[in-house]
1. For region 94-107, state whether one or more residues are without any contact (Cβ under 8 Å) to a residue 24 or more places away in the chain, on the phi < 0 side of the Ramachandran plot and surrounded by fewer than 20 Cβ atoms within 10 Å (Cβ to Cβ).
2. Check VAL98, VAL32 and return the single one that is part of a helix (DSSP H, G or I) and in contact with a Cys (Cβ under 7 Å, 6 or more places away or on another chain).
3. Name the one entry in ALA76, ALA136, ALA140 that is outside any helix (DSSP H, G or I) and either surrounded by 15 or more Cβ atoms within 10 Å (Cβ to Cβ) or in contact (Cβ under 8 Å) with a residue 24 or more places away in the chain (or both).
4. Could you grab me the full set of residues in region 108-122 that are surrounded by fewer than 13 Cβ atoms within 10 Å (Cβ to Cβ) and modelled with pLDDT of 95 or more?
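The values are calculated or read from the model by the stated rules, or taken from the named source; none is laboratory data. Computed from a predicted structure; not experimentally measured. Don't worry about glycine lacking a Cβ; one is built from the backbone with ideal geometry, like all the others, and counts go over all protein chains shown.
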Amino acid sequence: MYQAGHYGVALLAYAPLGIVVALAGYPGGALVGGLLCVGLSTLPDVDHRLPLVDHRGPTHTVAFAFLVGAALAAAAAILVESSSPLVDVGFVGFAFVVGTVSIGSHLLADALTPMGVRPFWPFSRRHYSIEATRAANPIANYALLGVGVAATAVAFGVVLLVA
């Protein structure tokens with residue numbers, strides 16, 4: 001998929017987590033998490049600019065998703081200042097989930113294309129593809145963006161209704 005499609009799938013994947021975090025009393029954290037999720041959602045495509053790295057290779061794996069989650073959690077652990085160790089652990093765990101969901105959403109979006117992904121590489125070379133649309137299909141990309149924006153609007157509405 002292209003950037004718009006990746007943003008849409010990231011919004012869709014993050015919406016349930018954003019609702020939970022906002023309803024738990026951290027609406028600002030939910031917003032920042034959503035921005036990070038969308039911002040990181042195209043990170044796997046850095047492989048286009050890396051020499052000797054195949055597109056949809058190592059950066060398009062579950063291992064990379066966990067690595068990004070761990071890096072975001074480490075950054076959160078360094079940056080967070082709170083009076084409660086429980087809040088610290090929750091914040092760091094939330095950062096890990098945001099990073100992992102962001103990259104996972106990218107894998108899901110790319111699995112919609114005929115090229116698909118090999119998410120368990122190097123342990124498995126199995127290829128996963130739903131073959132629903134070509135990555136370059138602007139209608140599919142903007143439809144995914146629309147679905148993601150709609151899911152975010154619904155999530156925001158749920159938070160407003162319950163809060």
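1. No, region 94-107 contains no residue that is without any contact (Cβ under 8 Å) to a residue 24 or more places away in the chain, on the phi < 0 side of the Ramachandran plot and surrounded by fewer than 20 Cβ atoms within 10 Å (Cβ to Cβ).
2. Selected residue: VAL98, the only one of VAL98, VAL32 that is part of a helix (DSSP H, G or I) and in contact with a Cys (Cβ under 7 Å, 6 or more places away or on another chain).
3. Only one candidate qualifies: ALA136.
4. Passing the criteria: only PRO114.
This table checks each residue for (1) closer than 15 Å to ALA95 by Cβ; (2) within 14 Å of the chain's Cα centre (by Cα); (3) buried (at least 22 other Cβ atoms within 10 Å of the Cβ); (4) charged (D, E, K, R).
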site	(1), (2), (3), (4)
TYR26	yes, no, no, no
LEU36	yes, yes, no, no
SER41	no, yes, yes, no
ASP45	no, yes, no, yes
